[in-house]
Amino acid sequence: MLHKPVLLAETIQLLNVQPHGVYVDATLGSGGHTREILNRLGPEGRVVGIDRDQEALERVERDLRDPRLLTLHTSFSRMARALREKGIQEVDGVIMDLGVSMEQLKDPERGFSFHSDARLDMRMDKTQRLTAEEIVNRWSQQKIERIIREYGEERYARPIAKAIIDERKKGPIYSCRQLAEVVQRIKRKRTRIHPATKTFQALRIAVNNELEELQKGLENSLEMLKKGGRLCVISYHSLEDRIVKRFFVDTEKKGLIKRLTKKPLLPTKEEIRDNPSARSAKLRGGERI
Ligand SMILES: C[S@@+](CC[C@H](N)C(=O)[O-])C[C@H]1O[C@@H](n2cnc3c(N)ncnc32)[C@H](O)[C@@H]1O
């Protein structure tokens, strides 16, 4: 397993796993959090593992082979309906660990990484039609600029969008490396992070409609939680964290949730040393009242 579960002990504690409980892992990924929940469940307990990536579900099923785990191929924005279709009306806890897994990131075929010669894909769900290649080669300059600015929080959104349009006049931009080089020509300054990081983040968010998904996923989770049930969310960048924070503040005001974390829980220095991809993680939690 490539992916190391982030903030594992903190999340499991916040989730307050009960042996007979029914839990939803809305982002099954490599099953790191699910495995730990299963360890705390008795024979009656259940985990429903959701992912929009069919390969992830198959991998975890194969690895865990646990009859208490039910996997569902869907987006977490449609979680409530999918659970009801399986006869599950309410749950004791939901965990959402946002973004992509290491398996997805490191698979050159998936097109998430700027180091790869793979086609610009970036779909978490391979059955979806929209790809990063389509955005980069077909969308207007204005639309590309807007997503790079809004989803990438990139200062150089305008010149990058223009460079993309200029490049594609010469021929289609197919590969991740090709796009990274276009961005690099605009952002020449050496920085600790790769110059194309923000542009790639923006494309990934747009391809997977991540922010809208998140808002709906949070609402779906609230709908399914029983009284006393807990929702734990790990976010990795400020756009996500803003949505999560606002959701908990708003639902607390409405008397639906009690926040369990006024300030988000962060990884320790040791965790970041062992797993650098945990460095920007923030965990927030709330209890349905
Ligand atoms: C960071 S990984 C989760 C890792 C997991 N917690 C573990 O420890 O192995 C995020 C996973 O969520 C999935 N995902 C992201 N957005 C989703 C959505 N809207 N609906 C369903 N799954 C989603 C991704 O496909 C990916 O497999």
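None of the figures in this text is laboratory data; all of them are computed from the coordinates on show. Given the structure is predicted, the values throughout are model-derived calculations rather than measurements. Positions of Cβ are backbone-derived with ideal geometry, glycine not excepted, and every protein chain shown enters the neighbour counts.
Computed values, structure above
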item	result
Under the Karplus curve 6.51 cos²θ - 1.76 cosθ + 1.60, θ = phi - 60°, whole-Hz ³J(HN,Hα) for the range 129-139, x wherever Gly or Pro sits	8, 5, 10, 5, 4, 5, 4, 5, 9, 10, 6
Relative contact order for the chain, counting Cα pairs under 8 Å that sit 6 or more residues apart, in percent	20
HN-Hα J in Hz across the range 82-95 - Karplus 6.51, -1.76, 1.60, θ = phi - 60°, x for Gly and Pro	4, 5, 4, 4, 9, x, 9, 9, 8, 9, 8, x, 10, 10
Among the listed pairs LYS262/LYS282; LYS226/LYS253; LYS4/LYS106; LYS106/LYS198; LYS189/LYS282, those beyond 20 Å (Cα-Cα)	LYS189/LYS282
Cβ-placed point charges (K, R +1; D, E -1), dipole of the chain about Cα centre in debye, nearest 20	1200
Crossing angle, helix 54-64 versus the chain [Cα axis fit, 0-90 degrees, rounded to tens]	40
All-pairs alpha carbon distance profile, the chain, 5 Å steps from 0, percent	1, 5, 12, 16, 18, 16, 13, 9, 6, 3, 1, 0, 0
Relative contact order of the range 104-208, defined on C-alpha pairs under 8 angstrom at six or more residues apart (%)	34
Nearest 10 degrees, 0 to 90: helix 210-224 Cα axis against the chain principal axis	10
Estimated inter-spin distance, LYS262 and ARG192, nm [label 7 Å along Cα→Cβ]	3.0
Mean residue ellipticity (222 nm) of the chain, computed from DSSP H runs ≥ 4 via -39,500 (n - 2.57), nearest 500	-13500 deg cm²/dmol
Charge dipole magnitude, Cβ of K and R +1, D and E -1 - the range 104-208, Cα centre, debye nearest 20	420
For the chain, share of DSSP beta bridges that run antiparallel, in % to the nearest 5	40
In degrees, nearest ten, helix 157-170 long axis to first principal axis of the chain (Cα)	60
Built amide H within the under 5 Å cut-off of THR71, gap 5+	GLY49
Whole-Hz ³J(HN,Hα) from phi, Karplus 6.51 cos²θ - 1.76 cosθ + 1.60, for the range 12-20, glycine and proline x	5, 5, 5, 6, 6, 4, 9, x, 9
Relative contact order (%) - criterion: Cα under 8 Å, at least six apart; region: the range 1-131	25
